[in-house]
Amino acid sequence: MTDLNASNPSQFDREDVLEGEIARLRRALDEAVRRAADDGEPARITYERHLAEGQAALALERARAERAEHDLANLTARFNDLAASEARYRLAVESAKDYAIFTIDLAGRITGWNSGAENLLGWRDEEIVGQLANVVFTPDDNTRAIAEKEMRLAVSEGRADDNRWHLRKDGVRFWANGLMMPMRDDEGGLIGFLKILRDRTDAHLAREHQQLLINELNHRVKNTLTTVQAFTTQSLRSATCLQEARETITARLIALSKAHDVLTAENWEGADLARIVADALRLHHADGRRCSWEGDGVRVAPRTALALSMMLHELATNATKYGALSNDVGSIVVTWAAVDADDLPSADCQRLRMRWQERDGPPVSPPSRSGFGSRMIERGLANELGGDVRILYEPAGVVCTLDIPLEPA
């Protein structure tokens, strides 16, 4: 049988070497302990000092670690606050659907674009970012470098306010209230601009319309006062007594007031001609059996409405005193049409042609002299409206014809 130990003699040699090394280390340790004991108090003090220094260093490192953890917690909190603040800012900016809010760099190029800007101006974020901001200004404003002037004013004054026309992507203009402000970094350096636009087109057009109405009203009031002065003077001059003058002036004022009522109901933009005719005749108690009117659906401008109201009142007054409405069987027919120069309906450059025809009244003969009413109709009305107005005293009844330019209303 084979001896395993004999077959591997080096294994025992290694074990002996290890045991000898362990014994040597034990002796060295015992010697070190003995020497430490023989050294006495100085070695112990040195040991304790080293121990204290090690403990102090450990405490310092622990303090540093705690401070680092505290700083990390503060930074995390600040980061969370900044993230929440940015989220709120983005939410506020994106929720401002009625406001176009965008940022511009120092070269004048758009760098940010909110959803309100897309809604108002039409460009999507990916379409507009990188373009020059003057793309939203009108060609006239770009010729005058308005965008650049706003930037300079924003830097020098802290803000630049304006109210002007701007352009949408489709080229449509809109009136906007604008504000440009500089954007600065933490050190106060200029890094760009913030631009805010709000569509104020409706309000602007309303103000323009209001001013137009005020100007028109001032003009109309002056003309009305002139008319009142003229017919008052003529009424007093031609009346046989004060009562007659009072009645004549009152009737003319009522006719003028009625026309003003019609125009006021229409915001002084115009009036329906059929209503002007109907109101003028009804003031003289003319019913449907005695008076009739028919014509195209025509709207007339304010000054035309007032002039026609006074003309119809004078004709109806004359018919009541001397003409077709002075008996029980006479009648009046008023007709009109909007035609072009060739008597064909046209949408442009139309003329109004009207005819007043009295029938079955007392025999008519031309008056020996023209009264205020006829002079106002034939001269004043023609001059006022730039057309032709004629009164014909035919035996069968008075005929008044009118041919004037039809102003848009």
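Laboratory data are not the source of any read-out in this text; all were calculated from the coordinates shown. Source: prediction; values computed, not measured. Quick reminder, even Gly has a Cβ in these numbers, built from the backbone with ideal geometry, and neighbours come from all protein chains shown.
In a fully extended conformation the segment linking Ala68 and Gln243 would gain 52.4 nm over its present Cα-Cα distance, using 0.36 nm per residue. Amide H contacts under 5 Å for Trp123: Lys169, restricted to partners 5 or more places along the chain or on a different chain, H placed in the peptide plane at 1.01 Å from N.
Using the Cβ-Cβ distance between Asp105 and Leu205 with R0 set to 25 Å, the FRET efficiency works out to roughly 0.15. Peptides 154-166, 180-192, 104-116, ordered by how many other C-beta atoms sit within 10 Å of their residues on average, highest first, read 104-116, 154-166, 180-192.
The stretch between Ala396 and Arg303, if pulled fully straight at 0.36 nm per residue, gains 30.3 nm over its current Cα-Cα span.
R0 = 30 Å: FRET efficiency of Val172 with Arg144, Cβ-based, nearest 0.05?
Working: r = 21 Å, r/R0 = 0.70.
The computed FRET efficiency comes out at 0.90.
With viscosity set to 1.002 mPa s and temperature to 20 °C, compute the Stokes-Einstein D of the stretch 204-405, Rh being the Kirkwood radius across alpha carbon pairs; µm²/s, no decimals.
Working: Rh = 17.7 Å.
The diffusion coefficient I find is 121 µm²/s.
Model label points for Asn383 and Asp161, set 7 angstrom from Cα along the Cα-to-Cβ axis, are 4.9 nm apart.
Computed on the stretch 105-198, with alpha-carbon pairs under 8 angstrom and 6+ residues apart, the relative contact order is 23 percent.
Reported to two decimal places, what Rg/Rh ratio describes the stretch 96-199 when computed on Cα atoms with Rh from the Kirkwood expression? Mind dumping the intermediate values first?
Values: Rg = 12.8 Å, Rh = 13.6 Å.
Answer for the stretch 96-199: 0.94.
Using the Cβ-Cβ distance between Thr320 and Asp403 with R0 set to 22 Å, the FRET efficiency works out to roughly 0.30. For the stretch 190-207, backbone nitrogen atoms closer than 20 Å to the point 7 Å from Asp98 Cα along Cα-to-C-beta are found at 195-207. Oblate is the label for the stretch 245-311, because the ratio a/c of its alpha-carbon gyration tensor axes (a ≥ b ≥ c) is 1.5 or higher and a/b is not greater than b/c.
Applying a 10 Å radius around every beta-carbon, put 356-362, 303-309 in order of their mean neighbour count, most first. Kindly include the intermediate steps, with their values, before the conclusion.
Details: 356-362: 18.6, 303-309: 23.3.
Sorting 356-362, 303-309 by mean packing, highest first, produces 303-309, 356-362.
The amide H of Gly397, built 1.01 Å from its N in the peptide plane, has Val364 as neighbours under 5 Å, considering only residues 5 or more places off or on other chains.
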